[in-house]
Amino acid sequence: MQEVLDQILDYLRGIWRRRWVGLAVAWLIAIVGTVVAFRIPDRYEASARVYVDTQSILRPLLSGIALPPNFEQEVAILGRTLISRVNVEKILRKSDLDLVAKTAAERDELVQETLKQLKIARAGGDNLYTITFRYPDPKKSRDVVQAALSVFMEQSLGDKRQDAESARRFIDDQIRAYEEKLREAEARVQAFRLKYMGVLGGSSKDYLTRMSDVAEEIKAARMELRAAEQSRDSMRKQLEDMEKGAFAESAPDAASGIVTPELDARIDAQRRTLDELLRRYTDQHPDVVGTKRLLAQLEEERAKEIESRKKAAAASAGKGLAPTSNPVVHQLRIAQAELEGNVASLRAKLADAESRYAQLRANAELMPKIDTELAQLNRDYEIQKRQYENLVSRRESASLTGELEQVGVAEFRVIDPPRVTPTPVAPNRALLLLGVLAAALAGGVLTSFAVSQVLPTFHDGRLLREVTKRPLLGIVSLVPSPATMRQRRRAALLFYGALGSLLVSYAALLAFAFATNRVA
């Protein structure tokens with residue numbers, strides 16, 4: 001530790017011995033620095049505040065119809081991209097500041113300087129922005145801020161229109177492409193249906209569903225045919241009995257064989273319905289009660305119909321009419337003809353269903369493959385159709401969004417027009433002068449230290465012995481005379497006076513700078 005302290009003391013003694021060189025360098029740095037600090041031109045700051053109002057009554061009205069533009073994000077992006085080289089060149093042309101640059105190098109330097117001095121930043125609120133610029137000419141600084149404000153507003157509108165047009169052009173291109181794909185898909189489906197028209201038919205159901213439907217249709221047709229044949233046979237038997245004269249011998253007994261096909265069919269249907277309901281519900285269920293009431297009404301109508309036919313038969317027997325001229329026989333023959341036609345129609349229907357079922361059975365191996373291919377074609381077609389409809393919907397939404405932006409959903413309001421500070425805001429001469437003073441003092445000390453190292457002197461025997469590596473026999477001390485002491489005191493006073501004058505001079509310069517308002 002003692003060695004370190006001795007070394008520091010040696011350095012300080014060397015600096016003090018070369019103090020005049022350091023003081024001269026300090027004065028030189030101070031003078032040069034002061035001249036440079038006062039030659040830096042004053043800069044005036046121009047600023048403007050603009051508010052972006054994104055609240056509009058149209059936004060909630062068009063919610064869900066048009067895409068709401070994110071103006072906050074757009075304005076934030078504009079704030080970051082406004083200060084670009086292209087925009088700065090445009091601002092310089094608008095403000096005529098580019099006229100001060102005569103050469104390409106000067107113009108490039110002016111652009112770079114403007115990029116540094118022109119700033120846009122948020123001013124407290126989310127949508128409140130401040131544009132500032134510093135320049136030696138206050139009028140030019142205000143013109144630059146005005147031009148930047150104009151470019152800021154124009155660029156926002158221009159970018160929004162350009163984005164909307166680009167989006168519409170892109171969507172239109174995609175719609176045309178999907179229209180072509182949709183036509184091709186429709187053509188493939190149509191060609192496939194035409195190729196397998198005889199197998200597919202007009203139904204859009206799959207193979208198993210069609211076979212199940214045809215099987216159910218055959219079952220129902222057979223039941224209808226069986227019921228129709230029974231009704232036809234009953235009618236035929238009754239007609240044969242009446243034509244053989246059984247009616248004339250015993251009219252009441254013959255009348256007991258009278259049938260009413262329509263009412264009988266309805267009664268049978270209601271009885272089957274009643275049986276089905278009784279298997280699921282009790283006798284007090286409303287559906288069961290209603291069905292019983294309807295069944296009783298049908299049986300009552302059937303009884304009345306049979307009674308009227310008996311009276312007609314009895315009247316015909318009293319007149320002695322032949323069975324062939326009996327109106328009841330004539331009516332029965334008409335009913336039998338209708339039943340025969342119904343049976344023939346049901347047989348044809350059953351034969352057609354059986355034929356289709358046989359065809360489906362014959363194509364059992366081919367149909368699954370056809371159904372799979374058709375399902376794939378339909379799936380592709382539906383996907384492309386859905387995408388096409390989505391694109392058309394998005395195009396309309398994009399059109400409304402573009403119109404929404406053009407009518408001015410976001411409004412730019414200039415809160416504070418461009419104005420210039422009455423006094424310069426830069427440079428901060430007090431800070432510069434303090435920096436120059438610190439640099440001068442540091443430069444003087446470093447110069448003294450460097451000279452002491454280049455031209456070293458020995459202050460005691462220890463240092464001499466360490467440097468020469470030789471034994472030290474003795475030290476001769478100098479006892480200063482009064483004249484020498486007076487000379488040393490004068491030199492010290494002169495040094496302190498020169499250093500003090502440097503500090504006092506800088507204090508006066510700082511006071512002058514504050515007094516003349518030449519600092520921010």
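The values are calculated or read from the model by the stated rules, or taken from the named source; none is laboratory data. Because the structure is predicted, anything quoted here is derived from the model rather than measured. When we count neighbours, we look across all protein chains shown, and the Cβ atoms used for this are built from the backbone with ideal geometry, even at glycine. Ligands, DNA and RNA are stripped out before the accessible areas are found, and what is left, the full protein with its side chains, is counted by its heavy atoms. Shrake-Rupley method; radii C 1.70, N 1.55, O 1.52, S 1.80 Å.
Observations, loosely collected:
- Test: residue in region 511-520 that is open to solvent by less than 50 Å² (accessible area, probe 1.4 Å), in a helix (DSSP H, G or I) and at pLDDT 80 or above: no
- Of everything listed in (1) farther than 20 Å from LEU493 by Cβ; (2) surrounded by fewer than 16 Cβ atoms within 10 Å (Cβ to Cβ); (3) at pLDDT below 90, the single unmet condition for LEU28 is (3).
- Exclusive hit being within 28 Å of ALA351 (Cα to Cα), at pLDDT 65 or above, surrounded by fewer than 16 Cβ atoms within 10 Å (Cβ to Cβ) and of a type in the set (Lys, Arg), set LYS219, LYS205: LYS219
- Number of positions in region 7-49 that are within 56 Å of the chain's Cα centre (by Cα) and not in a helix (DSSP H, G or I): 10
- Here ASP283 fulfils each of the conditions (1) at pLDDT 80 or above; (2) loosely packed, with under 12 Cβ neighbours inside 10 Å; (3) part of a helix (DSSP H, G or I) apart from (3).
- Whichever residue in region 101-117 is of a type in the set (A, V, I, L, M) and loosely packed, with under 12 Cβ neighbours inside 10 Å and, among such residues, is modelled with the lowest pLDDT: ALA104
- Residue among ALA164, ALA185, ALA148, ALA121 that alone is in a helix (DSSP H, G or I), at pLDDT 75 or above, more than 30 Å from LYS369 (Cα to Cα) and not aromatic (Phe, Trp, Tyr): ALA148
- Residues of region 82-100 satisfying the condition of being within 24 Å of GLU154 (Cα to Cα) and open to solvent by 20 Å² or more (accessible area, probe 1.4 Å): ILE83, SER84, ARG85, VAL86, GLU89, LYS90, ARG93, LYS94, ASP96, ASP98, LEU99
- Answer residue from region 124-141, given it is exposed (fewer than 14 other Cβ atoms within 10 Å of the Cβ) and within 17 Å of PRO41 (Cα to Cα) and is modelled with the lowest pLDDT among those: PRO136
- Cβ-Cβ under 8 Å pairs, at least 6 apart or on other chains, region 446-474 side over 13 Å from ARG17 (Cβ atoms) and open to solvent by 60 Å² or more (accessible area, probe 1.4 Å), far side modelled with pLDDT of 80 or more and assigned to a helix (DSSP H, G or I): LEU446/GLY22
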